[in-house]
Structures are given as C-alpha cells and as structure tokens.
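Below is one structure; the comments refer to it alone.
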Amino acid sequence: MSVIAVVGAQWGDEGKGRVVDYLAEEADLVVRYGGGNNAGHTVVNRYGHFKLHLIPSGIFYPATRNLLGNGVVINPPALVGELDGLAAAGFAADNLFISDRAHLVMPYHVLIDQLEERERGVARLGTTSRGIGPAYVDKIARRGLRVVDLLEPDAFRERLAAAVDRARRIATGYFGAGGADDDLRETIEAATDAERIGAEYLAAGERLRGHVVDGHAMVDEALARGDRILLEGQLGTMRDIDWGTYPYVTSSSPIPGGASLGAGLPAVAIDRVIGVAKAYTTAVGAGPFPTELEDADGHALRDRGQEYGTSTGRPRRCGWYDAVAVRFSVRLAGYSSIALTKLDVLDGFDRIRLAACYRDPENGREWRTIPASTSVYGRLAPIYEEMPGWSRDTSACRSWEQLPEAARQYVTRLEELGGVPISHVSVGPERGQMIVRDGR
Ligand code: GDP
Ligand code: IMO
Ligand code: MG
C-alpha cells in the first residue's frame with residue numbers, strides 16, 4: 001500500500017493527528033490536504049505533547065517529508081508561530097514543505113468570520129473564528145491570494161491594497177461595523193491596514209520561502225518513486241461542506257475526494273482509506289448532534305476524555321457513539337478500515353450505549369441515514385442499543401486478546417454496524433498505545 005488517506009469519520013477531533021503520527025513512522029511523505037489553522041491535531045510522543053494546527057502530524061520523523069497541500073488555507077504568521085513553537089522544542093522542521101498553490105488566510109478573513117458570526121446572532125455556526133470560511137470564499141470567487149504571491153512582493157502589495165479596500169467597504173458598509181462604540185473597531189482598523197499587513201505577511205513569506213515548493217511536482221515524483229504517502233485530513237465527514245450538517249459545516253471537503261483535490265494526486269492513486277472514529281462522539285460548534293448528552297454520562301465523557309477544543313479551548317459537546325453517522329461516513333468515504341480511538345475513555349462505565357438508528361418523533365419514521373434538512377435532523381432521536389461496560393483499565397493493553405471481553409464485544413458490534421473492519425484500536429494518546437489487529 002503506498003498511498004493511505006486518513007479521514008475523520010465523525011464531527012472532527014477523532015484523533016487524526018495521533019493516528020497519522022503512529023502511521024508516519026513508515027511514510028516518506030505526509031500531505032495535509034484541507035482546512036487551515038482551525039484544526040487542532042494533538043500528537044503525544046517521546047518528544048512531548050504537541051498541538052499542531054497547520055503542520056502535518058508526520059513532522060516528528062526527520063526523514064519524512066511533510067507537505068501543506070494546495071487545498072490547505074494558510075495563515076502565514078500563524079504558521080511561523082507554529083514553526084517557532086517546534087523550534088523551541090528542538091525541531092528545525094526542515095522537513096516541512098508548502099505548496100505554492102495554497103491560498104492565504106488574511107487578517108480581513110478573520111474579521112469577516114467574526115462579523116458574519118455576529119450577524120447570525122443566535123443562529124451562529126460556532127466557527128473557530130480563524131477566517132477559514134471567508135478564505136475559501138475568496139478562493140472560489142477567484143480573488144484569493146496564494147503562497148506564490150508572497151514571493152512576489154510588489155504584485156502582492158498591489159493586490160493586497162485592493163483586497164483590503166474591499167474588506168473595509170464590506171465591514172463598514174455592508175455590516176455597518178466600526179462605529180465609535182463598536183468593540184470590533186480596532187480589529188477592523190488592524191485587519192484593513194495594508195501597510196502593516198503587507199510588512200507582516202511579506203516578512204512571514206521570507207521566513208517560509210525556503211519551504212515553498214511546487215506541491216504537485218513533489219507528490220508526483222513521490223508517486224513515481226513508489227514512496228509511501230499519507231494524506232492527513234482535517235475535521236470529519238459531518239462537517240464536510242457537501243455532506244455534513246449544512247450549514248453547520250466547514251468550508252472544505254474532509255472526505256477522500258478532497259484529499260485527491262487538495263494534495264494534488266489522481267483519485268485512483270489512493271490505495272487505502274483509514275477512517276478515524278472515536279469510541280464515542282464529540283463535536284465543537286453548533287448544529288444537530290443526535291447523541292449529545294447533557295447528563296452525568298456526558299460530563300464523565302468530557303472529563304475522562306479531556307474533551308476541550310484544541311484550537312479554541314471550548315468544551316466539546318459529548319455523546320454516545322453514533323453508528324448512523326459513522327456508517328454514512330463509511331459509505332461516502334469508502335474506508336478500507338477504521339481506526340477506533342479513545343476506547344480507554346469508556347473504561348469504568350457500567351453500561352455503554354450506541355445509536356443504531358434514529359426515530360422521528362413527529363411521524364415515527366425510522367432513519368438509517370442523515371437527512372439533508374437540518375430541522376429534521378435536529379429533531380431525530382437516537383434509538384440506542386445498550387451493551388455491558390467493563391471495569392478494567394485498558395490503557396496498557398497492546399493486543400486484542402488483552403482487552404476485556406466486554407470491550408471486544410463493543411468493538412465487534414461497532415464493526416458490524418459500520419460494515420467495515422476496525423483495524424486499529426487506540427487505548428491512549430501516546431504513540432505506543434495502539435492495538436493493531438491482524439488481517440484487518
Ligand atoms: P484530531 O483533530 O482528529 O487530530 O484530534 P484532536 O487532537 O483534536 O483530539 C483528540 C484528543 O484525544 C487528543 O487530545 C489526543 O491526544 C487524544 N487521544 C487520541 N487518541 C486517544 C486514545 O486512544 N485515548 C485517549 N485517552 N486519548 C486519545
Ligand atoms: P480538527 O481538524 C472540531 C468546526 C467549528 C464549526 C465548524 C466551522 O481538529 O478535527 P470553521 O472555523 O472551520 O469555519 O468552523 O467546524 N471545526 C472544528 N471542530 N475540530 C476541528 O478541527 C474543527 N475545525 C472546525 O467548531 O462548528
Ligand atoms: Mg482536533
């Protein structure tokens with residue numbers, strides 16, 4: 001298997017960074033294919049505890065190249081900050097490469113993200129406020145600035161002046177923001193100050209210049225050599241722009257189709273797709289989430305799983321495993337297998353629930369897939385199956401046989417409901433806390 005895509009099978013934060021860090025030991029190239037610094041991918045290994053936002057999770061293997069693909073949107077000062085953080089931990093990150101076709105997240109994207117959320121009021125999406133949506137809007141509207149532009153300062157300044165002028169008119173005109181008593185007034189000024197932004201971004205561009213490559217050429221050559229390539233996803237299917245709980249979604253495609261597009265390789269080059277799913281469910285941000293728990297079980301999942309957003313620190317919404325959502329993801333993404341994470345967090349529950357289907361309380365209809373309508377999805381109630389829990393600590397288990405019988409039954413049931421093998425079971429955040437199942 002030479003090209004493996006690692007894709008989130010739920011609402012994000014499934015442990016993609018942890019799984020990529022584990023698999024990257026055998027990879028020559030890791031490519032992040034979408035999203036921006038809205039991502040928070042946690043990697044715990046012998047060097048420490050790292051929260052990566054843009055930098056791919058294979059960065060800790062010096063012989064593995066790590067590429068930010070064309071499908072990623074990059075905030076250059078944020079990337080420089082992340083590189084500084086790695087440098088402080090002793091990583092020069094000479095193995096980081098950046099596609100020259102990747103788009104830039106600009107300060108006015110962050111501003112517009114905030115203004116749009118403010119305008120939505122109670123209907124806000126709960127974005128990460130990192131400017132991700134507006135950056136993709138500009139990309140699709142064909143007015144985005146790209147990494148390659150950072151390397152041509154005069155042209156960059158010219159295009160920036162026009163972009164900033166437009167952003168100011170949108171902020172003050174359309175949104176009517178920036179008045180004397182507006183708490184975003186200073187933010188608007190800073191986010192539309194072409195002089196300051198030009199200096200900051202071009203300085204970041206100089207710092208990043210040595211990392212910038214023709215991403216397609218890098219991937220194409222790796223394919224021709226038969227290199228082992230990992231494609232690292234951001235977020236998960238339920239936040240996919242086409243297939244997620246629209247409009248409570250991100251602005252890119254976490255599914256493998258997005259990987260082909262955002263890494264720059266033919267779709268048929270992907271040999272294997274590993275879906276990453278948590279042994280329960282979490283979400284950050286608004287929108288339907290049928291198995292959400294607000295009771296003691298929900299609090300227990302949050303406490304034991306340390307479920308707080310890596311990028312924003314927001315408490316994650318927690319609930320039981322949603323087999324309908326994962327099955328939907330399996331069908332869309334075509335997983336070869338699933339890596340199940342955080343099984344250890346379920347240690348000590350007397351009984352564990354999982355949603356096998358939903359029921360619409362208005363008409364009694366049973367649902368085994370995800371409706372397009374947010375209002376329908378929002379009212380569906382999960383129909384739970386209940387399974388016995390286990391009291392033993394699983395975090396030291398390193399083989400399938402060492403897991404408690406009830407834990408194996410639970411994983412086997414998830415496998416049946418997903419219709420796809422569970423090849424990896426993670427029982428802790430550290431690199432070695434992984435059970436790999438033979439023949440899957
Ligand atoms: P990502 O965005 O999909 O990369 O996931 P995050 O890093 O945002 O969230 C996953 C969290 O769970 C991180 O804090 C990981 O260190 C942690 N984690 C991953 N796998 C396991 C596991 O098997 N058990 C436990 N207890 N924690 C895990
Ligand atoms: P990783 O890669 C969890 C959520 C936000 C919001 C929606 C849109 O770590 O799984 P955006 O800022 O992308 O416009 O927000 O998506 N969201 C995430 N939730 N983990 C993430 O990244 C997320 N990135 C965005 O909370 O609901
Ligand atoms: Mg995350």
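The values are calculated or read from the model by the stated rules, or taken from the named source; none is laboratory data. Remember, predicted model here, so these are calculated numbers, not experimental data. Backbone-built Cβ (ideal geometry, glycine too); neighbour counts: all protein chains shown. Side chains included, ligands, DNA and RNA excluded: accessible areas come from the protein's heavy atoms. Shrake-Rupley method; radii C 1.70, N 1.55, O 1.52, S 1.80 Å.
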- prompt: How far, in nm, would the chain grow between residue 140 and residue 224 when pulled straight, counting 0.36 nm per residue and subtracting the alpha carbon separation?
  reply: 27.2 nm
query: Using the eigenvalues of the Cα gyration tensor, what equivalent ellipsoid semi-axes result for segment 297-366 when each is taken as the square root of five times the eigenvalue, whole Å, largest first?
result: 24, 18, 14
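Among 196-209, 70-83, 169-182, how do they line up by average Cβ neighbours within 10 Å per residue, starting with the highest?
70-83, 196-209, 169-182
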statement: With R₀ set to 22 angstrom, the calculated FRET efficiency between the beta-carbons of residue 431 and residue 2, to the nearest 0.05, is 0.50
task: Bin width 20 Å, alpha-carbon pairs only: give the P(r) of the chain as whole percents, running from 0 to the bin holding the largest distance.
output: 26, 56, 18, 0
field: Bins of 10 Å from zero: percent of alpha-carbon pairs in segment 353-440
entry: 15, 36, 26, 19, 4
message: Contact order normalised by length for the chain, with contacts defined as Cα pairs under 8 Å and 6 or more residues apart; what percent is it?
response: 20
- request: Take peptides 17-29, 369-381 and line them up by average Cβ neighbours within 10 Å, highest first, as a rough protection proxy.
  value: 17-29, 369-381
message: Within the chain, how many Lys pairs that are eight or more residues apart, or on different chains, come under 22 Å at the alpha-carbon?
response: 6
query: At a Förster radius of 22 Å, what calculated FRET efficiency corresponds to the Cβ-Cβ distance of residue 193 and residue 116, to the nearest 0.05?
result: 0.60
- prompt: In deg cm²/dmol, rounded to 500, what helix-only [θ] at 222 nm does the chain give when every DSSP H run of at least 4 residues adds -39500 (n - 2.57) and the total is split over its residues?
  reply: -10000 deg cm²/dmol
- prompt: For segment 103-210, which semi-axes, largest first and in whole Å, follow from the square roots of 5 times the eigenvalues of its Cα gyration tensor?
  reply: 25, 15, 12
task: Taking H placed 1.01 Å from N in the peptide plane, check which residues at least 5 places from residue 3 or on another chain put their amide H under 5 Å from its amide H.
output: 229, 271, 272
query: Scaled to the compact-protein estimate 2.2 N^0.38 Å, what is the alpha-carbon radius of gyration of segment 132-188, rounded to two decimal places?
result: 1.31
message: Computing the accessible area with a 1.4 Å probe over protein heavy atoms, can you report the carbon and sulfur percentage for segment 103-210?
response: 50
task: Looking at segment 339-440, send over the antiparallel percent of its DSSP beta bridges, to the nearest 5.
output: 85
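Students often check this: by mean Cβ neighbours within 10 Å, which of 236-242, 34-40 ranks highest, and how do the rest follow?
Ranked by mean Cβ neighbours within 10 Å, highest first: 34-40, 236-242.
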query: On full extension of the chain, what length is gained from residue 88 through residue 123, given 0.36 nm per residue of separation minus the C-alpha to C-alpha distance?
result: 8.5 nm
query: For the chain, what is the accessible area per residue in Å² when the probe is 1.4 Å?
result: 40
query: Considering only protein heavy atoms and a 1.4 Å probe, what is the carbon-and-sulfur percentage of the accessible area of segment 341-440?
result: 47
Rounded to 5, percent antiparallel among DSSP beta bridges of the chain: 40
